[in-house]
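The values are calculated or read from the model by the stated rules, or taken from the named source; none is laboratory data. Computed from a predicted structure; not experimentally measured. Here the Cβ is made from the backbone with ideal geometry for all residues, glycine too, and neighbour counts use every protein chain on show.
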Amino acid sequence: MHNLSLIVVVLAVISVSFAHIYDLSLLESYTFEHFNKDYGLGLKAGSSEYVKRKAFFEIELSRVKAHNAMNRGWKETINKFSHLSKSEKRNFHGRSKGVRQAHKLQGLKDSKEVPYDSSKDLPISQLPKAIDWRTKGVVSAVKDQGHCGSCWAFASTATVESSVAKNTGLLFDLSVQQMAFCAPNPDSCGGTGGCYGSTSELAFEYVAKSNGMIEEFQWGYGAYFGNESTCAIPDEAQAKIMIEGYTRVPVNEYQPLMNSLVKEGPIAISVDASNWHAYHSGVFSGCDQYNPDIDHAVVAVGYGEEADGTKYWIVRNSWSASWGEAGYIKLAREDEQSIQCGMDVTPDHGTACAGETDPVKVCGTCGILFDAAYVVGADVVGPAGPNP
């Protein structure tokens, strides 16, 4: 998944991730020499790796400056991704297009999927103008998946955390490591599991059928550097939460996703994050809407409007709090997004189950309406809960 040069160059970033440029005026005089020092790359001037990374950086810096000069509604910056190639950046995603494996899930024994009930949906006009679950004490701190394609595990874990908090008032920091390496993926849907991708639906199936999830302090995330693992839950670890199942929001439909966000809280979604890496702030609308490439799992935590009336979704990422708006991105939102569609023609990038290659219709900014799911029946196990 990672070549050696990428590992050497990007692992140094962890110690100085605070070097993210928030004051965009600094970009005018910023150089690769500054970047090499600020991000602790330790590259020797004149070496082949230095020359290679400097070339990527300077192309990116020029592009970012040109974008910001156009005032398109969002700003971009230089960050920990700025010296990487496009293919290297993709390693920081995690393959997840859950709807492509719908029939697989339906065939699972004792499936924990609860059908969506559209009869309870309210018209958009009757929904709140804005909602942000971060302000309600049910959203944990943004985390960093690192160099492991485990976005699906981060998105599903965060969704479970928020669902439990909404139901009980208790916000836990649950074990992403457990989710990433214990949730089975027998049909290779959205990847092959672990650092090589899966789906939030499979993650929710696992939690509903297991004895529950343990907390982060009981089994911490050890895959930041791309290290694969086995399902080795510590013997002394005690499950803290359980869920009954999950519900998938109707595919490519705007009204159900809006209703679900209002009623159910944060929701695991799949998106095309191909052009997100340099995002700094503002309302982003820079995805390819004709041929979106759904390749990343994140969490929708609300929606709102800017002072000028520009509507947006609030989306939590797993690239650390130093990325974007404290770890979040605002995606452009329109009431007619159900007809804002394209075709994902690259399921081989990790969207389908093994052997499925047919293009799929994807709607909404960055494909946000394509695949969304929330947790049902989340609750606390208790202080003496069973061992998973």
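So here's what we get for this one:
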{"quantity": "Cross-chain or 6+ apart pairs with Cβ under 8 Å, the range 116-145 first and part of a loop (DSSP other than H, G, I, E, B), then of a type in the set (Lys, Arg) and at pLDDT 95 or above", "calculated": "TYR116/ARG248; VAL138/LYS166; VAL139/ARG316; VAL142/ARG316"}
{"quantity": "Neighbours by Cβ (under 6 Å, 6+ apart or cross-chain): first from the range 231-249, assigned to a loop (DSSP other than H, G, I, E, B); second among the hydroxyl-bearing types (Ser, Thr, Tyr)", "calculated": "VAL249/SER260"}
{"quantity": "Of all residues making up the range 152-171, the number that are in contact with a Leu (Cβ under 9 Å, 6 or more places away or on another chain) and under 11 Å from VAL138 (Cβ atoms)", "calculated": "5"}
{"quantity": "Any hit, the range 285-298, residues being touching a residue at least 60 places away in the same chain (Cβ under 8 Å), over 24 Å from THR192 (Cα atoms), in contact with a strand residue (DSSP E or B) (Cβ under 9 Å, 6 or more places away or on another chain) and aromatic (Phe, Trp, Tyr)", "calculated": "no"}
{"quantity": "Matching residues in the range 155-172 - criterion: being farther than 17 Å from VAL298 by Cα and touching a helix residue (DSSP H, G or I) at 6+ places or on another chain (Cβ under 9 Å)", "calculated": "ALA165, LYS166, LEU170, LEU171, PHE172"}
{"quantity": "Any hit, the range 152-170, residues being surrounded by 24 or more Cβ atoms within 10 Å (Cβ to Cβ), assigned by TED's automatic domain parsing to the domain that holds GLU236 and in a loop (DSSP other than H, G, I, E, B)", "calculated": "no"}
{"quantity": "Number of the condition not met by TRP323 [criteria: (1) touching a Phe, Trp or Tyr at 6+ places or on another chain (Cβ under 8 Å); (2) in a strand (DSSP E or B); (3) not acidic (Asp, Glu)]", "calculated": "(2)"}
{"quantity": "Subset of the range 275-307 [of a type in the set (A, V, I, L, M, F, W, C), closer than 24 Å to VAL64 by Cβ, within 12 Å of the chain's Cα centre (by Cα) and assigned to a loop (DSSP other than H, G, I, E, B)]", "calculated": "TRP276"}
{"quantity": "Of all residues making up the range 195-228, the number that are surrounded by fewer than 17 Cβ atoms within 10 Å (Cβ to Cβ), of a type outside the set (A, V, I, L, M, F, W, C) and in a loop (DSSP other than H, G, I, E, B)", "calculated": "6"}
{"quantity": "Selection count where residues are at pLDDT 65 or above and surrounded by 12 or more Cβ atoms within 10 Å (Cβ to Cβ), scope the range 335-356", "calculated": "12"}
{"quantity": "Of residues in the range 297-334 being under 13 Å from GLY282 (Cα atoms) and in contact with a helix residue (DSSP H, G or I) (Cβ under 6 Å, 6 or more places away or on another chain), the one surrounded by the fewest Cβ atoms within 10 Å (Cβ to Cβ)", "calculated": "ALA332"}
{"quantity": "Scan of the range 22-60 for residues that are outside any loop (DSSP other than H, G, I, E, B), buried (at least 16 other Cβ atoms within 10 Å of the Cβ) and touching a Phe, Trp or Tyr at 6+ places or on another chain (Cβ under 7 Å), ordered by number", "calculated": "PHE32, PHE35, LYS54, PHE57"}
{"quantity": "Residue satisfying all of: in the range 173-192; in contact with a helix residue (DSSP H, G or I) (Cβ under 6 Å, 6 or more places away or on another chain) and surrounded by fewer than 22 Cβ atoms within 10 Å (Cβ to Cβ); farthest from GLY327 (Cα to Cα) among these", "calculated": "ASP187"}
{"quantity": "Unique match (being touching a helix residue (DSSP H, G or I) at 6+ places or on another chain (Cβ under 6 Å) and either over 20 Å from SER320 (Cβ atoms) or not assigned by TED's automatic domain parsing to the domain that holds PHE154 (or both)) among LYS37, LYS52, LYS86, LYS75", "calculated": "LYS75"}
{"quantity": "Filter result (touching a residue at least 40 places away in the same chain (Cβ under 8 Å) and either in a helix (DSSP H, G or I) or out of contact with any Phe, Trp or Tyr (no Cβ under 7 Å at 6 or more places or on another chain) (or both)) within the range 68-80", "calculated": "ASN68, ARG72, GLY73, LYS75, THR77"}
{"quantity": "Test: residue in the range 206-214 that is free of Cβ contacts under 8 Å to residues at least 40 places away in the same chain and farther than 21 Å from VAL139 by Cβ", "calculated": "yes"}
